[in-house]
Amino acid sequence: MCIRDRYNNSDSMLVIDQKHFLAKIKISLEIKDVLKDIDENVNLSDDERGVVLSFNEAILFEPGKAILKKEIYPILDSVADAIYKCPNDILILGHTDNTPIKSKLYQSNWELSAYRGLSVLDYFLKEKELSPSRFYVGGCGSFRPIHPNDTPKNRSLNRRVEIIFKHIEEG
């Protein structure tokens with residue numbers, strides 16, 4: 001598919017691989033349907049990694065913890081259904097803010113972020129029996145913020161878990 005730039009008089013064009021474009025739209029529509037009843041605690045976007053579903057910490061975990069809240073299970077069930085229906089590999093990344101952690105369970109924000117990503121992965125593998133070969137998981141600590149860590153609101157937005165439907169690369 002080729003779309004000409006209607007707003008610029010140059011001969012520039014945007015070339016889109018129709019198969020990947022349709023796959024992205026299908027994933028996005030399935031995920032949007034899952035999220036229709038959720039507020040600002042979840043964000044759906046698309047970047048160079050893939051279709052990104054970003055959950056704010058508050059909807060998934062208690063502060064400083066990595067055990068999933070039971071209230072999130074129905075939403076994760078719907079995400080698992082979308083994962084099951086698509087061929088994409090899934091990347092799960094935990095993130096924290098830069099406030100030093102004070103916990104007997106976790107030595108650092110990096111460790112907490114990794115355990116949060118693992119908790120989501122564990123749910124998909126044990127409860128939903130999804131194939132482990134499709135998943136990658138990691139923790140980024142406070143090193144990939146989406147906002148400056150300069151206000152309580154911005155710090156809360158940086159505490160998140162991303163579930164990324166990775167773009168499919170043709171080989």
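Could you go through the range 150-155 in sequence order and give the Karplus-derived ³J(HN,Hα) for each residue, using 6.51 cos²θ - 1.76 cosθ + 1.60 with θ = phi - 60°, rounded to whole Hz, and x for Gly and Pro?
Those phi angles translate into 10, 9, x, 5, 5, 4 Hz.
Beyond 21 Å between alpha-carbons counts as too far, so tell me which of 104/126; 70/126; 70/166; 65/85; 32/65; 65/102 fall in that bin.
As for pairs spanning more than 21 Å Cα to Cα, those are 104/126; 70/166; 65/85; 32/65.
Just by accessible area at a 1.4 angstrom probe, what is the order of 91, 105 from largest to smallest?
105, 91
Percent of alpha carbon pairs in the range 77-146 separated by more than 19 Å?
Cα-Cα pairs in the range 77-146 separated by more than 19 Å: 39 percent.
Residue 125 to residue 49: FRET efficiency via 1/(1 + (r/R0)^6), r the Cβ-Cβ distance, R0 25 Å, to the nearest 0.05?
Efficiency, rounded to the nearest 0.05: 0.75.
Could you please put 96, 151 in sequence from largest to smallest accessible area, using a 1.4 Å probe?
Ranked list, largest accessible area first: 151, 96.
With unit charges on the beta carbons (Lys and Arg positive, Asp and Glu negative) and the dipole taken about the Cα centre of the range 91-159, which residue among 120, 145, 132 sits farthest to the positive side?
Value computed over the given set: 145.
Which FRET efficiency value, to the nearest 0.05, is calculated for residue 143 and residue 32 with the Förster distance at 25 angstrom and r the Cβ-Cβ distance?
After rounding to 0.05, the efficiency reads 0.30.
Whenever you get a sec, line up 159, 116 from highest to lowest accessible area (probe 1.4 Å, protein heavy atoms).
Sorted by accessible area, descending: 159, 116.
The values are calculated or read from the model by the stated rules, or taken from the named source; none is laboratory data. None of the values given here were measured: they were computed from a predicted structure. Cβ sites come from the backbone with ideal geometry, for glycine too, and all protein chains shown count toward neighbours. Each accessible area value is taken on the protein alone, full model and side chains, heavy atoms only, with ligands, DNA and RNA left out. Shrake-Rupley method; radii C 1.70, N 1.55, O 1.52, S 1.80 Å.
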